[in-house]
Amino acid sequence: MSRPALAASRSADIIDFLACFPGRGFTLSEIVKGTGINLASCHAVLNVLMERGYVTRCPRQKSFRLGPALYAAGQVAMASQPLLARAQAAAAMLRDELGIPSLVSTVIGDEILGVISCDTDDGRSAGLNVGERMPLVPPLGASFLAWSGDDEIDAWLHRAGTGIDGEMIDYWRDGLAKIRERSFQVELRAPQSSQMAAQMEEMAAGSEATRYKGELLKLVRSWGRHPMQPDRIEPSCEYDLILIAAPVFDRDGRCIYSLCLGGFAGPIGGDEVQTLGNRLVAASLQIMQADRARD
């Protein structure tokens, strides 16, 4: 594999960093700190991005934000990605039908990227903003890995870091098998997840945003063992869930998107969990069938 062009890699790093924090800008020094690019190179790359409209600069605050050229490129990208366009329509339909926030995410390298987020009228979201990235580290991303090959699963497990014993590895592998059996993922809320969300939201809004990515990875790895999903979905039980997710496969059989429901108003009963999971699977099948009907 050829080495990536350094300037191109740095441009992508800057765009990815700014995309993670919608609604706020960053100074040159903050971008340097957040991306790890040296000052001279970062300044040069930002100048090119500004010339092309991918980044704008506020003269008063001396801060940078994403520019209008990226919005235009995103509209073209949606038009050229019919599978994603159908996933967007399905996510909006599910939100309107069920009154539950929905989300479409994908995997880019070793990260999970929020691609589409359909919030409810009361402001609830499914938990991952458009452009926001989460580390593809166990137990995160299980809905993608459940249908992956052994090498990809091994790489995912390896990202959990040191101190993970064989019992934990077997537990996560069993969790992937349960997702395949059900055809959808049911992710239980970890005891630390609310505290983590509040902590990361505070970091993202303040001066610590430049450390956001590294701190998020540390927090996820610190979770330790907690029930990834219920062994059985009991109709009489209630479940405090982060999300329910179903896979969307491309024509080559790869799980390219995850169609999710999240941001639940409270614990939900087992019957409803099963109903929502089946509804997600049906929506995913409709997306894939419509995509294949194009031929």
| remark: Residue pairs within 8 Å by beta carbon, gap of at least six or interchain, first lying in the stretch 130-151 and outside the structural domain of L66 (by TED's automatic domain parsing), second of a type in the set (S, T, N, Q) and outside any loop (DSSP other than H, G, I, E, B), listed first then second, are V130/S117; A142/Q185; S143/Q185; S143/S258; F144/S258; A146/Q185
| field | Qualifying positions in the stretch 24-56 - hydrophobic (A, V, I, L, M, F, W, C), in contact with a Gly (Cβ under 9 Å, 6 or more places away or on another chain) and free of Cβ contacts under 8 Å to residues at least 40 places away in the same chain | value | L49, M50
| query | Residues that are closer than 25 Å to G23 by Cα, at pLDDT 95 or above and over 17 Å from the mean Cα position of the chain (by Cα): which helices (runs of 4 or more DSSP H) entirely in the stretch 177-295 hold 1 or more of them? | reply | none
| query | Going through the stretch 115-155 one residue at a time, which ones are closer than 24 Å to M78 by Cβ, of a type in the set (S, T, Y) and over 14 Å from the mean Cα position of the chain (by Cα)? | reply | T120
| With (1) modelled with pLDDT of 90 or more; (2) under 27 Å from Q274 (Cα atoms) as the list, and D154 as the residue in question, which single condition is left unmet? | (2)
| remark: In the set C58, C20, C42, the lone residue that is modelled with pLDDT under 95 and over 24 Å from I256 (Cβ atoms) is C58
| Residue satisfying condition, being touching a helix residue (DSSP H, G or I) at 6+ places or on another chain (Cβ under 9 Å) and closer than 25 Å to R173 by Cβ, within set G53, G141 | G141
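The values are calculated or read from the model by the stated rules, or taken from the named source; none is laboratory data. Remember, predicted model here, so these are calculated numbers, not experimental data. Positions of Cβ are backbone-derived with ideal geometry, glycine not excepted, and every protein chain shown enters the neighbour counts.
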